[in-house]
Amino acid sequence: MSMQPDLTLPSKAPTELFHGDALGKPFAVYMLADFQDGEAEELRKFIASDEYDVRFAPRYNFAGQALRAVFDYHLKLAEGGIYHPTLFVVAVQKTWSKDGVLLVSLNCDGECGVDTCRMRAEDVASAMVNLEIANMDWEEFKDSELPSVESVTAGLGGTIFESADNKKPPHHTFGIYTTAGANMTNIRVQLEPDWDRKQPEDYICEFAGNMTAYPDPWGEVLSYHPFVCRRVKALHRQLFICADKKDVEKEGVLLCKMDWDGNIDREDVLEVGNNENTKTRRCPVGEAASTLVEIADHKREWED
Amino acid sequence: MTWTIKEICTNMCWGAYCTKGPRFGVTFNWDKADKTTKRRRRRSAGCAPNPNRCSTKKNYPKGHSCDEYPFASVKEADQGGQVNRCVPADQNSRQGNLIGKYYQSSCGGNPCQFIVGFGNPNSAGVKYCSAFQDPKTMCVPDGNEFKGNNPDVQPPNKRDLDQVRGYLYMTERGTEVSFDHDLEPGTIIHSVRAINETLFDETLKLKRRDDYDYYDDSDNDDEDDVDDPNLEVVEDKIAYKIV
């Protein structure tokens with residue numbers, strides 16, 4: 001097992017560096033691991049991803065040294081006013097694609113002084129921009145910091161890049177349409193009360209269209225739904241919800257089942273849906289989402 | 001993950017059309033404020049000190065971040081009364097990238113004035129971006145909109161709501177976009193858009209006030225699932241006013 005470098009840093013850095021806006025100044029990258037030139041350039045390009053100005057510091061190879069050596073060097077470099085003074089990146093391990101890189105802040109939001117945060121290499125440039133314009137705070141990045149290499153080795157941190165998707169059971173997302181000018185926000189809350197606390201990919205229901213203004217709103221829904229499925233691939237192709245009454249709490253919503261092959265690439269996608277292949281049934285709004293989930297999971301039959 | 005900033009746009013539109021005064025129009029000034037000033041703005045917006053209400057330390061689900069409007073980087077945040085919303089952190093990060101890119105490219109790294117508009121305001125998953133058309137009905141707080149440290153409330157009286165204004169336009173590329181300014185057909189738009197973003201994603205549009213450059217992230221035709229897409233600048237024009 002390779003020796004872990006000493007990553008300790010002073011708690012504070014000279015404050016004279018911290019005045020003014022530094023947006024646009026290139027971010028410096030350093031190496032504590034022993035990279036070959038090609039490997040180092042590969043990492044720099046990966047971080048920059050053709051979007052950000054990320055450069056090697058004039059001296060960037062600190063292989064075998066402590067992080068403190070980089071810190072001391074960067075303070076001198078920052079005096080030149082070319083590089084971003086308070087944010088820089090350090091590759092601690094050659095296995096950066098798995099273990100991430102270290103973002104160092106010399107003035108994290110004015111409260112915590114000097115600090116480090118391990119994050120994915122592809123996220124680090126974006127994080128620096130967000131910190132620079134104060135769109136996000138240091139603590140917010142620390143909230144989702146990658147586990148340290150030591151904790152992973154000891155089995156404390158799990159697999160760093162374990163896909164969240166692997167943990168999630170398959171789920172369905174149902175499109176919501178209205179043909180009666182119903183309040184879509186209210187419908188959304190009624191259908192899925194906790195939706196605003198979910199990641200978008202976890203939504204059970206998703207706004208798909210307000211057809212109220214069309215001469216034939218229901219006809220538009222039938223025509224439009226397969227087309228929406230082409231654009232928003234997460235939507236359930238056959239099952240969706242239509243609020244055909246303005247007061248959904250009192251009158252419920254329509255559960256809709258369109259029998260078609262679900263082929264969103266067909267040329268006649270706007271002509272697939274019609275009254276012949278689409279069934280509806282009325283349902284209390286509070287039960288609509290769970291009912292459709294059970295139907296989609298084949299735990300319940302469609303009842304006309 | 002899908003490249004969207006729907007929750008971000010929802011928050012911006014609440015601040016633009018729904019919150020009770022001060023309501024924030026769409027003209028902003030990037031003033032290159034120092035860190036202390038931006039920090040103060042984050043605090044007055046309710047997103048600082050940390051941990052803020054969107055943190056796991058405050059029992060909010062992991063992966064969320066506090067988004068404030070107006071941005072902490074603009075002078076208009078100094079008037080206070082900003083709104084904030086807990087949004088997926090990746091959306092907040094994308095917005096930050098867009099703003100930072102705009103400041104560097106369109107503003108040339110110098111203080112500038114710009115106008116924010118909202119593309120595809122009726123798109124799926126976005127709230128409040130069409131609220132200028134019917135604020136009384138559409139400005140219904142969902143519990144996640146805060147003003148400072150308290151849940152925001154719907155503007156209570158008709159007089160206040162009557163002050164909400166906005167116009168919906170169609171661009172020559174076929175994107176609906178709303179501004180609170182009365183723009184002429186032919187106004188040039190420079191959009192910064194995510195390559196491969198879905199048609200129904202909400203868009204963020206920024207317009208230079210002085211030379212009518214626009215900046216947005218916007219839609220594209222295919223492929224929902226794109227990680228870290230590159231952004232491209234696309235020229236567009238206001239074709240006509242819809243509403």
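What distance in nm separates the two pseudo spin-label positions at A:Phe56 and A:Glu294, each 7 Å out from Cα along the beta-carbon direction?
Result for the modelled spin labels: 6.4 nm.
If I model a spin label as a point 7 Å beyond the Cα along the Cα-Cβ vector, how far apart are those points for B:Tyr240 and A:Asp34 in nm?
About 7.1 nm, to one decimal.
Calculate the mean, over all residues of peptide A:201-211, of how many other protein chain Cβ atoms lie within 10 angstrom of the residue's Cβ.
Across the residues of A:201-211, the mean count of other-chain Cβ atoms within 10 Å is 3.
Express in nm, to one decimal, how much length is gained between A:Leu7 and A:Asn263 on full extension, taking 0.36 nm for each residue of separation and deducting their alpha carbon distance.
On the way: separation 256, 0.36 × 256 = 92.16 nm, distance 5.43 nm.
Value of the extension gain: 86.7 nm.
Viscosity 0.692 mPa s, temperature 37 °C: Stokes-Einstein D of chain A from its Kirkwood Cα radius, in µm² per second?
Reported coefficient: 142 µm²/s.
Using protein chains only and a probe of 1.4 angstrom, how many square angstrom of B:Ile8 are accessible, to the nearest 10?
Counting only protein heavy atoms, the figure is 0 Å².
How much of the pair distance distribution for the stretch A:166-296 lies past 27 Å, counting alpha-carbon pairs only, in percent?
Counting every Cα pair in the stretch A:166-296, those more than 27 Å apart make up 13 percent.
Going 7 Å from the Cα of A:Asn274 toward and past its Cβ, which residues in the stretch A:243-257 have a backbone nitrogen under 18 Å from where you end up?
A:257
Which whole-number percentage describes the relative contact order of the stretch A:15-153, with Cα contacts under 8 Å and a sequence gap of 6 or more? Don't jump to the answer; show the numbers that get you there.
Numbers: 211 pairs, mean separation 34.2, N = 139.
Worked out over the stretch A:15-153, it gives 25 percent.
Of the beta bridges DSSP finds with both residues in chain A, what % are antiparallel, to the nearest 5? Don't skip to the end; give the middle numbers.
Numbers: 19 of 37 bridges.
Counting only bridges with both partners in chain A, antiparallel ones make up about 50 percent.
Taking beta carbons within 10 Å but only from partner chains, what does the mean come to for residues A:181-189?
Working: counts 2, 1, 4, 7, 10, 4, 0, 3, 3.
Going residue by residue through A:181-189 and averaging, the value is 4.
Considering only Cα-Cα distances, which of the following residue pairs are longer than 18 Å: A:Lys246/B:Lys241; B:Lys6/B:Lys32; B:Lys6/B:Lys127?
From the list (A:Lys246/B:Lys241; B:Lys6/B:Lys32; B:Lys6/B:Lys127), the Cα-Cα distance tops 18 Å for A:Lys246/B:Lys241; B:Lys6/B:Lys32.
Counting each DSSP H run of 4 or more residues in chain A as -39500 (n - 2.57), what helix-only mean residue ellipticity at 222 nm follows after dividing by all residues, to the nearest 500 deg cm²/dmol?
Only helices count here, giving -8500 deg cm²/dmol.
Quick one: compute the contact order of the stretch A:166-296, relative version, from alpha carbon pairs under 8 angstrom and 6+ residues apart, as a percent. All intermediate terms of the calculation are to be shown ahead of the outcome.
On the way: 227 pairs, mean separation 39.3, N = 131.
Rounded, it is 30 percent for the stretch A:166-296.
Using the Cα centre of chain A as origin and beta-carbon charges of +1 (Lys, Arg) and -1 (Asp, Glu), tell me which of A:Trp218, A:Leu32, A:Thr278 is placed farthest towards the positive end of the dipole.
A:Leu32
Do any trypsin sites (Lys or Arg not before Pro) in the stretch A:254-300 lie in a DSSP loop with no more than 16 other beta carbon atoms within 10 Å, and if so, which?
Those that pass, being in a loop and sparsely packed, are A:Arg266, A:Lys299, A:Arg300.
For chain A, what's the relative contact order in percent, using C-alpha pairs closer than 8 Å and at least 6 residues apart? The partial results should precede the final answer.
Details: 492 pairs, mean separation 39.0, N = 304.
The value is 13 percent.
Sort A:219-231, A:46-58 by the packing proxy (mean of other Cβ within 10 Å over each peptide's residues), most packed first.
On the way: A:219-231: 20.8, A:46-58: 16.0.
Top to bottom by mean Cβ count within 10 Å: A:219-231, A:46-58.
Antiparallel as a % of all DSSP beta bridges within the stretch A:166-296, to the nearest 5?
Working: 10 of 20 bridges.
In the stretch A:166-296, approximately 50 percent of DSSP beta bridges are antiparallel ones.
Which three lengths, in whole Å and largest first, does the stretch A:15-153 cover when its Cα atoms are put on their principal axes?
Reported extents, whole Å, longest axis first: 36, 32, 30.
Lys/Arg Cβ at +1, Asp/Glu Cβ at -1, dipole of chain A taken about the Cα centre: which of A:Phe56, A:Ala208, A:Val253 is farthest positive-ward?
Farthest along the dipole direction, towards plus: A:Phe56.
Calculate how many DSSP beta bridges within the stretch A:1-136 are antiparallel, expressed in % of all such bridges and rounded to the nearest 5.
So the antiparallel bridges amount to about 55 percent of the total.
Long-range amide H contacts for A:Ala57: which residues qualify at under 5 Å (H placed 1.01 Å from N, peptide plane, sequence gap of 5 or more or a different chain)?
Amide H neighbours of A:Ala57, under 5 Å, 5+ apart: A:Val29.
Count the lysine pairs in the stretch A:15-153 whose Cα atoms lie under 17 Å apart, taking only pairs 8 or more positions apart in sequence or on different chains. Walk me through the numbers before you get to the answer.
Values: A:Lys25/A:Lys45; A:Lys25/A:Lys76; A:Lys45/A:Lys94; A:Lys45/A:Lys98.
For the stretch A:15-153, qualifying lysine pairs total 4.
The values are calculated or read from the model by the stated rules, or taken from the named source; none is laboratory data. Keep in mind that what you see is a predicted model, and the values were worked out from it rather than measured. FYI the Cβ positions are ideal-geometry reconstructions off the backbone, even for glycines, and counts take in every protein chain you see. With ligands, DNA and RNA removed, areas are computed over all heavy atoms of the protein, side chains included. Shrake-Rupley method; radii C 1.70, N 1.55, O 1.52, S 1.80 Å.
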